[in-house]
Amino acid sequence: MNSSKCFLLFLFVQSLWAKEPIYLNNTGPISFVTKKIYAFGGTINVRKKPHLRSEKLFKVMEGTPLSIVKISNILERVGNKNLNWIQIQTKEGRSGYIYSSFTTPFAYSIGKNILLLGISEKYKNNFEFRLLSQKKKLLKKWTLESMPKGSTQLVLKKNYFGKNHHGLLMETSIGNACPVGYDYRIYSFYRNKLLLLRKKQGGADPPVASEYTYKFKKNAIYELKEDYEQSEENKKDFSTRTQRKFIYSKGRLVQKMEKNLLKK
């Protein structure tokens, strides 16, 4: 596999999101672009040093905002995970180390509740949505099916489908340094219920790739499917560019348009 082509492909995936995308990954060691993270998975021990046998300093409740002080690259096996530790600081100024799988960069206030996405404690390669009350009591959780190691990004579209009816776009790049596949999901979140509306998968064997891009417009979601071969000069030779338009109706996405964007 050509590493330069792999790097170009990875840059393209990042460009689909924000200038500084935030990743949550299950590959280890975990690292974040953001400096703000949240405790995830119950009541979590904070330790004096970055290992499991170290002294417990205090505990933090799930959903508590934390600041990253330092990220350790030393891995340690805890349960079925082999990940790293993060030195954190609370808003009160207390500091210590927390095992990285018990943190997440994704936490959203939805009404009086908090919705988080993190790594399941019980399962090795599963991401999990968890809904907390204002008092940080677990109300509900949704464990996603196991997927190969990778990193995910999440975008919340508040009130997109209506009042208090939110949209979620989740993209997972499967693989370590060079993605070999992509998993795309659109969810509806309404009245504390999470519903999967659409799921698609793309692949990558650089320089060839198959990808999806989603845009949430005012009254419709647009999906762009692209198959292409990418040169070292970052030029793309497309074999497929298909745009589809969807609207939300009665708990599902209904396709209203399909258009070939390639010039004939």
Original post:
Quick one: putting +1 on the C-beta of Lys and Arg, -1 on the C-beta of Asp and Glu, what dipole do you get for segment 140-255 around its Cα centre, in Debye to the nearest 20?
Top reply: 1280
**OP:** Provide the net charge surrounding VAL254, with neighbours chosen by a C-beta distance below 14 Å and charges set as Lys +1, Arg +1, Asp -1, Glu -1.
**Re:** +4
Original post:
How far, in degrees from 0 to 90, does helix 3-15 lean away from the longest principal axis of the Cα atoms of the chain, to the nearest 10?
Top reply: 90
Original post:
How much length, in nm to one decimal, is gained on full extension between ASN164 and MET147, taken as 0.36 nm per residue of separation minus their Cα-Cα distance?
Top reply: 3.1 nm
Subject >> Candidates LEU57, LEU194, LEU131, ranked by Gaussian network fluctuation over the chain, Cα under 10 Å, top entry >> reply: LEU57
**OP:** Write down the Kirkwood hydrodynamic radius of segment 131-244, to one decimal in angstroms, obtained as one divided by the mean of 1/r over all alpha carbon pairs.
**Re:** 16.0
Subject >> Most mobile of ASP237, ASP205, ASP227 in a GNM of the chain (Cα contacts under 10 Å) >> reply: ASP237
**OP:** Hey, can you grab everything whose amide H is under 5 Å from the amide H of LYS157? Only 5+ residues off in sequence or another chain; H modelled, so Pro and N-termini drop out.
**Re:** GLY167, LEU168, LEU169
Subject >> Of LYS48/LYS91; LYS59/LYS122; LYS136/LYS217; LYS163/LYS200, those spanning more than 22 Å from alpha-carbon to alpha-carbon >> reply: LYS136/LYS217; LYS163/LYS200
Subject >> LEU57 paired with THR240, simple spin-label distance in nm, labels 7 Å along Cα-to-beta-carbon >> reply: 5.1
Subject >> Entry for semi-axes √(5λ) of the Cα gyration tensor in Å (calculated from the structure that is shown) out of (1) 45, 21, 16; (2) 77, 20, 12; (3) 34, 24, 14 >> reply: (3)
Original post:
Residue-wise, which Karplus ³J(HN,Hα) couplings in Hz belong to segment 231-243, taking 6.51 cos²θ - 1.76 cosθ + 1.60, θ = phi - 60°, and x for glycine or proline?
Top reply: 8, 5, 8, 6, 8, 10, 9, 7, 9, 9, 9, 10, 10
**OP:** In Å³ and rounded to a whole number, note down the convex hull volume per residue for the Cα atoms of segment 115-181.
**Re:** 107
Subject >> Those aspartates and glutamates that a straight Cα-Cα span of less than 15 Å connects to LYS218, excepting residues fewer than 8 apart in one chain >> reply: none
**OP:** Report the charge-dipole magnitude of the chain in Debye, nearest 20, computed about the Cα centre from +1 at each Lys and Arg Cβ and -1 at each Asp and Glu Cβ.
**Re:** 1420
Subject >> Mean separation of Cα contacts under 8 Å (6+ apart) over length of the chain, as relative contact order % >> reply: 12
**OP:** Compute the signed sum of charges (Lys and Arg +1, Asp and Glu -1) over the other residues within less than 13 Å, Cβ to Cβ, of TYR38.
**Re:** +4
**OP:** Average the reciprocal distances over every distinct pair of alpha-carbons in segment 156-217, invert the result, and give the Kirkwood radius in Å.
**Re:** 12.9
Original post:
Under a straight-distance cross-link criterion of Cα-Cα below 20 Å, which aspartates and glutamates are reachable from LYS215, leaving out those fewer than 8 residues away in the same chain?
Top reply: GLU20, GLU171, ASP183, GLU223, GLU226, ASP227, GLU258
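Only the coordinates and a few stated rules stand behind these numbers; no lab work does. Bear in mind the structure is a predicted one, so any value in this text is a computation, not a measurement. Every residue, glycine as well, gets a Cβ built from its backbone with ideal geometry; the counts of neighbours run over all protein chains shown.
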